[in-house]
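Please find one structure pasted underneath; my questions will follow.
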Amino acid sequence: MNYTIHQLQVFLRVTQTGSITKAAELLNLTQPAVSIQLKNLQDQFEIPLTEVVGRKLYVTDFGREIAAAAENILNQVHAINFKTMAHKGQLSGRLKLSAVSTGKYIIPFYLQSFLKQHPGVELSLDVTNRFKVLESLERNEIDFALVSIIPDQFQLSSISLLRNKLYLMKNPKYFEVAACQSIHDLKELPIIFREKGSGTRMMMERFFSQNDLNIVNKIELTSNEAVKQAVVAGLGVSILPMIGVKNELLVGDLKIIDVPKLPLETDWNLIWLQQKNLSPVAEAFRNFVSTERNRIFEEEFSWTL
């Protein structure tokens, strides 16, 4: 056998995603490069690691066994690197986080200074939907999650980072309405929703339910970015988190519609399982966030007030 660490990394990512395309995106490689590494690894085994049925790639039972072994090998490689850094007196290890999609506008600012102080720390950050964030948390696959609504199905610890304010927004070029005298005026507008399960969708539905509003003209899209671009394009209006629309507000592509009982407000929270034994790196990041959150807010997010 003459397989390489890189081949194992590629194969493990393919097994985790079930897709050469998705693996290539996560590894910042081209699809042909991933396919070549996968073939080079397969050539060293007489038993198939994967098979293609129709247009879908499946990992064989043998492939799953090799993937588990590859993960153990790669973990040992990481451990060697971390121990080397530790002997140099540097904080080292892997910091694993998952953030809901809108969290991409927030979490990098809390990571930048920390990683600059600790160059030996390796970062794994997954920005995805709320369901997958909570699934990773439940499986203990991550150290921390960033969410706007704290789930109640787990015993959690948390640090509040900043307020999450959501306003009804429009593109003024397509919608002349500047204010709604009554919440029930919203019935006259096409409303764009996030997909079911997202924190923003949950808040919107709660708001409409509490005010006995049945929205008939409804559009559903699967990401905050898609909703924002649909509002900019004049497809409708939507309740959007302020944190993700700074540039659009500045250039005038979006404008807030004044509505009674808005904005909606929650907190952006860094959460972790209460019983989790935090690694030295995770402990250091938690302490950093606790100490520096006010400074980071003042420098980066005070405009949201």
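The values are calculated or read from the model by the stated rules, or taken from the named source; none is laboratory data. Just so we're clear, the structure is a prediction, and the values are computed from it rather than from any experiment. Cβ: placed from backbone, ideal geometry, glycine included. Neighbour counts: every protein chain shown. In case anyone asks, the SASA skips ligands and DNA or RNA and just uses the protein heavy atoms, side chains included. Shrake-Rupley method; radii C 1.70, N 1.55, O 1.52, S 1.80 Å.
Does any residue of region 237-254 turn out to be in contact with a strand residue (DSSP E or B) (Cβ under 8 Å, 6 or more places away or on another chain), within 29 Å of S113 (Cα to Cα) and surrounded by fewer than 18 Cβ atoms within 10 Å (Cβ to Cβ)?
yes
I need every pair where a residue in region 154-181 that is more than 21 Å from N247 (Cα to Cα) has its Cβ under 6 Å from the Cβ of a residue that is part of a loop (DSSP other than H, G, I, E, B) and of a type in the set (S, T, N, Q), sequence separation at least 6 or different chains.
Between residues of region 154-181 that are more than 21 Å from N247 (Cα to Cα) and residues that are part of a loop (DSSP other than H, G, I, E, B) and of a type in the set (S, T, N, Q), the close pairs are Q155/Q274; L156/Q274; S157/Q274.
Please verify whether region 274-288 includes one or more residues that are modelled with pLDDT of 90 or more, outside any loop (DSSP other than H, G, I, E, B), over 22 Å from the mean Cα position of the chain (by Cα) and within 28 Å of F114 (Cβ to Cβ).
Checked region 274-288: no residue is modelled with pLDDT of 90 or more, outside any loop (DSSP other than H, G, I, E, B), over 22 Å from the mean Cα position of the chain (by Cα) and within 28 Å of F114 (Cβ to Cβ).
Check K187, K196 and return the single one that is in a loop (DSSP other than H, G, I, E, B), among the basic types (K, R) and surrounded by fewer than 20 Cβ atoms within 10 Å (Cβ to Cβ).
It is K196.
State all residues of region 1-40 that are assigned to a loop (DSSP other than H, G, I, E, B), modelled with pLDDT of 85 or more and among the aliphatic types (A, V, I, L, M); if no residue qualifies, say none.
L29
For (1) open to solvent by less than 10 Å² (accessible area, probe 1.4 Å); (2) part of a helix (DSSP H, G or I); (3) in contact with a strand residue (DSSP E or B) (Cβ under 7 Å, 6 or more places away or on another chain); (4) at pLDDT 90 or above, each residue gets a yes or a no:
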residue: N140; (1), (2), (3), (4): no, no, yes, no
residue: S157; (1), (2), (3), (4): no, no, yes, yes
residue: K165; (1), (2), (3), (4): no, no, yes, yes
residue: Y174; (1), (2), (3), (4): no, no, no, no
residue: Q181; (1), (2), (3), (4): no, no, no, no
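For A86, indicate whether it is hydrophobic (A, V, I, L, M, F, W, C) and at pLDDT below 90.
When the stated conditions are applied, A86 passes them.
Restricting attention to region 230-239, does a residue exist that is touching a Phe, Trp or Tyr at 6+ places or on another chain (Cβ under 7 Å) and within 25 Å of K96 (Cβ to Cβ)?
no
Hey, does region 237-246 have a residue that's assigned to a helix (DSSP H, G or I), within 21 Å of I106 (Cα to Cα), more than 21 Å from the chain's Cα centre (by Cα) and basic (K, R)?
No, the conditions are met nowhere in region 237-246.
Just a yes or no: is a residue in region 102-125 over 17 Å from I296 (Cβ atoms), at pLDDT below 80, surrounded by 17 or more Cβ atoms within 10 Å (Cβ to Cβ) and within 26 Å of the chain's Cα centre (by Cα)?
no
While we're here: Can you tell me which residues in region 117-167 are in contact with a Gly (Cβ under 7 Å, 6 or more places away or on another chain), closer than 13 Å to L270 by Cβ and not polar (S, T, N, Q)?
L146, V147
Inside region 41-69, can you point out the residues that are outside any loop (DSSP other than H, G, I, E, B), open to solvent by 50 Å² or more (accessible area, probe 1.4 Å) and under 15 Å from I20 (Cα atoms)?
If the condition is that a residue be outside any loop (DSSP other than H, G, I, E, B), open to solvent by 50 Å² or more (accessible area, probe 1.4 Å) and under 15 Å from I20 (Cα atoms), then E51, V52, V53, K56, Y58 are the ones that fit.
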